[in-house]
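A short reminder: the numbers here are calculations on the coordinates, not readings from a lab. All figures in this text were calculated on a predicted structure; none of them were measured in a lab. Using ideal geometry, Cβ is built from the backbone for each residue, glycine included, and neighbour counts are taken over all protein chains shown.
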Amino acid sequence: MTTGFAPVAAARFRCWVPPGVYRPQTDTGLLGRALRREPITDGTEVLDLGTGSGALAVEAGRLGARVTAVDISWLALAAAWCNGLLNGQRVKVRHGDLTAAVPGRRFDLVVTNPPYVPAPGDGPPRGRIRAWDAGTDGRLLIDRICAAAPSVLRPAGRLLMVHSHLSGVEETLARLRAGGLRAEVAERARLPFGPVLRSRLGWLRERGLLDGRTNEELVVIRAEHA
């Protein structure tokens, strides 16, 4: 998680983000850049898992896709729906826990910016921190997305997922490949630690997650059926 805002696209994005909903940031912009490189037509069906403000759903709609946005937060879904209207895009919203919100459906492209910040403490995060905290290894939802990806993608479908190096890039690649997908890092960006990570530097060092680094690396992982 970072604190700087990066535009999702060259076109102006009108964005309403109520308190408790993840605001578009550098990771959103990095994933948006990867999204714009994908072949998208008016027949492309896109699933935005954990849509938050709906920034990526809106961008996919601008590119011509038919978009379904999923979130477990009703407030996030309200923001995504409103931001679709504000930007002239129709975004279908579905409430639920990841792909359980779209049972039996398959998509041409799945984009996701899941919570990925390693956090001390036991039990699932609650309240506003649920938008970024993801367990002691940062993989609370990442592993579930890796497991679900093969069955939610169409035969030529692709997955784009962004997360931090702190959450285990090689682990994500290995899990996706074990599920029969070709997986690679499509985008990388280095940036200073944001306030949440700075507040946890001592704990992250104790966990051995920093590996001597003084900044955070974000990656976009791209996967498709082998």
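Among Leu153, Ala69, Pro103, whose Cα sits farthest toward the positive end of the charge dipole of the chain (+1 at Cβ of Lys/Arg, -1 at Cβ of Asp/Glu, about the Cα centre)? Looking along the dipole axis, the top candidate is Ala69. Note on the stretch 10-85: Cα Rg divided by 2.2 N^0.38 Å, N the number of residues, gives 1.01. Taken one residue at a time, the phi angles of the stretch 73-82 give Karplus couplings (6.51, -1.76, 1.60, θ = phi - 60°) of 9, 4, 5, 5, 5, 5, 5, 5, 5, 5 Hz. Gly and Pro are set to x. Size of the stretch 72-164: Rg and Dmax of its alpha carbons, in Å, are 14.4, 42. Return the FRET efficiency for the residue pair Arg190, Ile129: r is the Cβ-Cβ distance, R0 is 30 Å, and the value is rounded to the nearest 0.05. My answer for the efficiency is 0.80. Nearest 10 degrees is fine. How inclined is helix 142-152 to the longest principal axis of the chain, computing both from alpha carbons? That helix lies at roughly 20 degrees to the long axis. Take the Cα of Asp122, step 7 Å toward its Cβ, do the same at Ser199, and the gap between the two points is 2.3 nm. The dipole here belongs to the chain: it is taken about the Cα centre, uses +1 on the Cβ of Lys and Arg and -1 on the Cβ of Asp and Glu, and is about 440 debye. If R0 is taken as 30 Å, the Cβ-Cβ distance between Leu86 and Arg182 corresponds to a FRET efficiency of 0.25. Taking the C-alpha atoms only, the angle from helix 26-36 to the longest principal axis of the chain is near 40 degrees.
Computed over the chain, the Cα gyration tensor eigenvalues convert (square root of 5λ each) into semi-axes of 26, 20, 16 Å, ordered from largest to smallest.
Does the stretch 78-122 come out rounded, prolate or oblate by the C-alpha gyration tensor, with a ≥ b ≥ c the root eigenvalues, rounded set by a/c under 1.5 and, if not, prolate when a/b is larger than b/c and oblate if not?
oblate
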